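J.: After the structure tokens below, expect a handful of questions from me.
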Amino acid sequence: MKKESLDYEMETILAHFAEEPMTQGGAIVPPIYQNTLFAAKDWESLCNMFDDQINNCLYTRGGNPTVRVVEEKMAKLAGGERAKLLSSGMAAITAAILHYINHGDHVIAVRNIYGSAHSFLGKYVKEKMNVDTTFVDGKDIGEFEAAIRPNTTLIYLESPTTAIFELQDIPAIVELAKRHGIKTIIDNTWATFLYQKPLELGVDLEIHSCTKYINGHSDVIAGAIIGRAEDVDSIFMREHILFGAKMAPIEAWMILRGMRTLPLRLQRHQKNALRVAKFLDQHPKVLAVRYPGLESYPQYELGKKLMTGYTGLFSVRLDCADEQIGQFFNALRLFKIGVSWGGHESLCYSPAISYFKKLPYERFMELGLSLCDVRLSIGLENADDLILDIEQALGKI
Ligand SMILES: *Cc1c(COP(=O)(O)O)cnc(C)c1O
């Protein structure tokens with residue numbers, strides 16, 4: 001049976017989709033268009049470039065063919081009409097939020113979202129634009145409903161969150177938001193568009209830090225916004241072009257290469273993470289494992305409804321005093337100690353350290369985190385080696 005290209009599955013899309021216009025001379029890999037501008041062949045085509053900046057490349061701060069290939073693939077995979085790559089996940093988050101808010105509006109956001117997104121909503125837009133944000137726990141739909149005001153224009157989600165891995169009931173929140181004419185944005189970095197499809201559930205914009213699994217090799221910082229053409233094109237012409245957080249062609253090309261193995265990498269991250277999580281779940285020095293892929297996880301059923309797979313980032317609460325945590329970190333041989341996640345390498349981190357350094361003590365306490373909440377990014381190494389490393393380090397506390 002001959003399939004139309006529209007029917008292709010994700011692995012095939014990643015291998016081929018949107019690359020044909022770039023295969024001049026049979027080149028099997030699209031070239032890196034490392035140039036700032038695109039010359040018009042005559043006056044009429046110059047006029048056309050200005051009339052339709054969405055479909056023409058005029059200047060690389062706006063559009064570039066190498067960047068476009070990646071954007072088209074992402075839009076296709078996420079089920080959106082359009083995607084825009086930006087220079088970082090934070091560039092994507094701030095551009096998407098600004099698209100939906102004006103001076104004096106009100107936002108509802110999940111409390112444990114990415115730290116810089118929290119600062120942007122909780123402080124920056126308040127001070128600059130008099131936009132109030134109500135932070136909610138995220139697990140109770142009633143709390144979202146109670147927070148709605150006449151001037152609420154946006155609900156901002158991150159599911160799962162990436163410090164304590166709590167999920168939000170996306171379809172229920174979308175239904176509530178639509179009933180009140182409120183827009184929704186979700187940070188979908190953890191699950192990626194391969195394992196969770198928020199746009200299909202009615203979320204207006206999906207954002208990603210491509211720095212994590214999408215690129216996956218810990219060598220590029222990038223972000224993406226995906227959604228309807230109407231929204232993403234407006235962000236392109238305003239927040240993207242005006243603030244100038246453009247994607248470098250060579251970095252887009254590296255993401256293109258990284259993405260080709262995304263399904264394979266995620267399968268391995270998932271398999272490794274599940275093994276390590278199960279090991280930790282029965283270890284006497286571990287009080288709790290927060291991994292949505294574990295059947296014992298309190299929101300396991302909700303996770304199964306929302307996602308088709310789980311990735312490799314989770315946290316554990318170790319049974320030790322805050323002062324002992326350094327002994328665990330210092331004993332690790334294979335796990336690197338560091339922020340970020342989603343690369344080939346296994347990482348260990350204590351999210352509380354950044355909140356502890358950045359936040360007022362009161363808000364730190366609200367998070368319910370301690371320094372013994374250790375976050376593990378499970379990489380592509382052999383799972384037995386990873387387990388042995390953790391086991392010997394647990395022996396030191
Ligand atoms: C890393 C991260 C971001 C920010 O992305 P950058 O590419 O570092 O700007 C946003 N959200 C989540 C969940 C992240 O982990």
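The values are calculated or read from the model by the stated rules, or taken from the named source; none is laboratory data. Being a predicted model, the structure only gives us computed values, none of them experimental. With ideal geometry, Cβ positions are generated from the backbone for all residues, glycine too; neighbour counts draw on all protein chains shown. The area values use the complete protein model at the heavy-atom level, side chains included, leaving out ligands, DNA and RNA. Shrake-Rupley method; radii C 1.70, N 1.55, O 1.52, S 1.80 Å.
J.: With respect to residue 40, determine if the residue is over 30 Å from residue 15 (Cβ atoms), touching a helix residue (DSSP H, G or I) at 6+ places or on another chain (Cβ under 7 Å) and either within 16 Å of the ligand (Cβ to nearest atom) or in a helix (DSSP H, G or I) (or both).
T.: Values: over 30 Å from residue 15 (Cβ atoms): yes; touching a helix residue (DSSP H, G or I) at 6+ places or on another chain (Cβ under 7 Å): yes; either within 16 Å of the ligand (Cβ to nearest atom) or in a helix (DSSP H, G or I) (or both): no.
Spelling it out, it is not the case that residue 40 is over 30 Å from residue 15 (Cβ atoms), touching a helix residue (DSSP H, G or I) at 6+ places or on another chain (Cβ under 7 Å) and either within 16 Å of the ligand (Cβ to nearest atom) or in a helix (DSSP H, G or I) (or both).
J.: Name the residues in region 227-272 that are within 26 Å of residue 307 (Cα to Cα), among the aliphatic types (A, V, I, L, M) and open to solvent by less than 30 Å² (accessible area, probe 1.4 Å), would you?
T.: Residues of region 227-272 within 26 Å of residue 307 (Cα to Cα): 227-229, 231-232, 255-272.
Filter once more, so that each one left must be among the aliphatic types (A, V, I, L, M): 229, 232, 255-256, 259, 262, 264, 266.
Result: 229, 232, 255, 256, 259, 262, 266.
J.: Can you tell me which residue among 325, 378, 390, 353 is among the hydrophobic types (A, V, I, L, M, F, W, C) and surrounded by fewer than 17 Cβ atoms within 10 Å (Cβ to Cβ)?
T.: Details: 325 fails: surrounded by fewer than 17 Cβ atoms within 10 Å (Cβ to Cβ); 378 fails: surrounded by fewer than 17 Cβ atoms within 10 Å (Cβ to Cβ); 390 fails: surrounded by fewer than 17 Cβ atoms within 10 Å (Cβ to Cβ).
Matching residue, one of 325, 378, 390, 353: 353.
J.: Can you confirm whether region 148-156 contains a residue that is outside the structural domain of residue 266 (by TED's automatic domain parsing), within 11 Å of the ligand (Cβ to nearest atom) and in contact with a His (Cβ under 9 Å, 6 or more places away or on another chain)?
T.: Of region 148-156, the ones outside the structural domain of residue 266 (by TED's automatic domain parsing) are 148-156.
Then keep just the ones that are within 11 Å of the ligand (Cβ to nearest atom); that gives none.
No, the conditions are met nowhere in region 148-156.
J.: May I pose another question? Kindly list the number of the only condition in (1) surrounded by 19 or more Cβ atoms within 10 Å (Cβ to Cβ); (2) part of a strand (DSSP E or B); (3) away from the ligand (no atom under 16 Å from the Cβ) that fails for residue 224.
T.: It fails just one condition, (3).
Residues are listed down the side, and each one gets a yes or a no for (1) surrounded by 20 or more Cβ atoms within 10 Å (Cβ to Cβ); (2) outside the structural domain of residue 363 (by TED's automatic domain parsing); (3) within 16 Å of the ligand (Cβ to nearest atom); (4) not in a loop (DSSP other than H, G, I, E, B):
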residue	(1), (2), (3), (4)
95	yes, yes, yes, yes
103	no, yes, no, no
107	yes, yes, no, yes
118	yes, yes, yes, yes
121	yes, yes, yes, yes
127	no, yes, no, yes
133	yes, yes, no, yes
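J.: Another question about this same structure. What are the residues in region 259-298 that are within 18 Å of the chain's Cα centre (by Cα) and among the hydroxyl-bearing types (Ser, Thr, Tyr), if any?
T.: 261, 291 - these are the residues of region 259-298 that are within 18 Å of the chain's Cα centre (by Cα) and among the hydroxyl-bearing types (Ser, Thr, Tyr).
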